[in-house]
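Before any comments, here is the structure.
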Amino acid sequence: MQKSKYLTALLCAAAVALTSTAALNAVPFSFAGTEEADGTLRTKGSKIVDPTGREVRLYGLNCPSLEWIHTGEHMPEAVITAFDQWEANLVRLPMNQDFWFGYDQSQTDGGKAYRRLISEIVDIAAERKKYIWLDLHWSNGGTEWGMNTGQHRMPDKNSLVFWESVAKEFRNHPYVLFGIYNEPHDISWDVWKNGGLVFESVEVTENGKKTSKSIKYEAVGMQALIDAIRATGANNIVIVGGIDWGFDLSKAADEKYRLVDTPEGNGIVLDTHPYPWKNKNWSLLIDKAGKHYPIIVGEFGTGPDKNDPDKPDETYFKNYHETLFNWIEEHNYSFAAWSFHPGAGPCIIRDWSYEPTPFHGVYVRDFLIKAASRGVSLFDGNNYTGKSIDIKPGKYTSADLKAAGMDPASIKSVKLNNDHSLAYKLTLFSNDDFRGSSQTCIYNIPDLQALLADKTVKSLKLETVKLENINKGSSVECSSGNDQSGAVTDGDETTRWIVDEEGPKWVITDLGTVCTIHRIILKHASGKNLNKHNNNQDFKVSISADGTSWTEVYAATGNKDYESVIDFEPSAARYVKVDIMKGSQIPPHTRATISEIEVYGLKGSETAGERSAETQGGDGNGSFAGNPWIWLAFSGLASILVIALTVLSRRKERIRGTA
Ligand SMILES: [Ca+2]
């Protein structure tokens, strides 16, 4: 009904040819080595892929307001900021089915301005080769247009009309995804898929007074919405939220409830909203469906209790985000964080200056910026100067690198942008087909030519390597309390070494052999739900290769945090020592507590010049002249004693073998 009320004046943006470089910037973990006709995404099993078939992960933000006010708030400014300043490659845009057709009392143009604004936002994304997720957020609960506008249990008959119209508008637009309904809730899986009778209580104003009113309506199921969209010829990816407020996907992949796409359709992606108060059994509720469908975490976030801003505390916020991001990365999911608006909590920004909130925004911003820059930077000058390009994990021929703006022969320095959980392994090959002599590096290389001499690189491969705590199970010696000493390397944060007497206190852990390490995480007294006042205040951390000569890598005064993350240049070390000068924050400060000393790096080491069995055989054309060899290089301190030569895959096996 009412479709004839307006004629769309909006045109889909024409498909624009992508350059490889643009694709590189837009899509983490995807590199388009060839020209693409457009950026259209499709599902392939449990992955989202680009037109070249490469996996794409969408990392972005929700920019709300167009669901509650038809003019939007700070639109399109917020979307531009999300893309350009926060490095999102996806914006989820909540919408309102009444506004689209102009049914709000304050709209007098039949929705024309609203539709124009949505189209303008889509154009902003397309110009950047980034993506807009159109999300139907507010509907009518089965009542008439303009009535009971808000979040409801299920979409209604008007939603069907909305999607027929929106699908025609953005039919096969390469940068538009359709999120068919925000958060279905309090319904069965059968109603979710097939529709059916839904009862709800809504708040209405009658005679100037607010009152509750029961409504019932025939909800439209997710399958009917998909069918309506496909019937317009629109094959855009469709995103579907689970039950329980868009969270629960436990039965979405069951034969009985599985949604069906047309053969031409670009596929179905499932959306989940794992807020902190939701069930934590993500493997059953989400990952099970994630084996069959790509998953996008369409909303998440956490915020302080308004009545008690200190509760939950900083550790809680950090743990929530770290757990969530690690899980997203581990399963190759995509996400859009809630929300890039200072008034729709959990808020990512404090105000319209876009300053991130300390409890949510900082974590999201850091992740997005790291993801966008994640990978390896190749420079045509020594010491990370000159022109540079960033590459994501993948394989690159000379032609790929030249297309991205870097002749492999001109690479002078290499920087690996490691983050908390991931490190990179870059392998350089003398031939253009990932064969020939190979050289592997896991640390920054300030002067590649010096190491290569007159040899040249033709192709390269970049992989990610998960960092592991190599100190787990290490033997421990301490100033006193030796009976509990094993607790600092048992990998269990709930077990601790605690001493109460006065005087100097120290703990030394032993990796068993000299290793190349670059990060220590010291965990003090308390995690979540424990007394943070027992965290050590003044302490220092030192490392040693021989147990005699020590190098201090960190010193703290007045620490209050549970966790101290200590990063330093890759260094040869076997022993890690923690000296505690002032313990607990509770006078007389004599209690010293450590729950865990974690060490990250490569376990064991080999002497320089050792040949590795993993390297390829001689290349036959002399580019790398001579025998196969392998090296690991890093920029660093003069005090670094040993350059450890190793191969990560072998090393990881060895770590597992000794754990
Ligand atoms: Ca422990």
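Here the residues 93, 177, ranked from fewest to most Cβ neighbours within 10 Å of their Cβ, fall in the order 177, 93. Taken as Cα centroids, the stretch 48-62 and the stretch 351-407 sit 16 Å apart, rounded to the nearest whole angstrom. Annotation note: chymotrypsin sites (Phe, Trp or Tyr not before Pro) in the stretch 258-352 located in DSSP loop regions with a Cβ neighbour count of at most 12 within 10 Å are 277. Stretched out straight at 0.36 nm per residue, the stretch from residue 500 to residue 326 would grow longer than its current Cα-Cα span by 59.0 nm.
Among bridges DSSP assigns within the stretch 90-208, what percent are antiparallel (round to 5)?
About 10 percent, rounded to the nearest 5.
Spatially, the stretch 225-239 and the stretch 417-487 are offset by 46 Å when compared through their Cα centroids.
Among the GluC sites (Glu not before Pro) in the stretch 263-361, those placed in a DSSP loop whose Cβ has at most 15 other Cβ atoms within 10 Å are 264. Taking a straight line from the alpha carbon of residue 540, these lysines sit under 16 Å away, with near neighbours fewer than eight places off in the same chain left out: 505, 523, 560, 577, 582.
When the GluC sites (Glu not before Pro) in the stretch 129-203 are filtered for DSSP coil states and for at most 16 other beta-carbon atoms within 10 Å of their beta-carbon, the remaining sites are 144. Excluding same-chain neighbours fewer than eight residues apart, the lysines reachable from residue 216 by a Cα-Cα span under 28 Å are 3, 5, 157, 193, 251, 256, 278. Cross-link partners of residue 112 among aspartates and glutamates, defined as those whose alpha carbon lies under 14 angstrom from its own and excluding same-chain residues fewer than eight positions apart: 98, 104, 120, 169. Remark: spin-label model distance residue 353-residue 546 equals 5.4 nm, labels positioned 7 Å along the Cα→Cβ axis. For residue 581, nonlocal amide neighbours, meaning residues 5 or more places apart or on other chains whose placed amide H falls under 5 Å from its own, are 538, 539, 540.
Rule-based calculations on the coordinates, nothing more; no lab input. All of these numbers come straight from a predicted model, not from anything done at the bench. Heads up, the Cβs are rebuilt from the backbone with ideal geometry, glycines too, and the neighbour counts pull from every protein chain shown.
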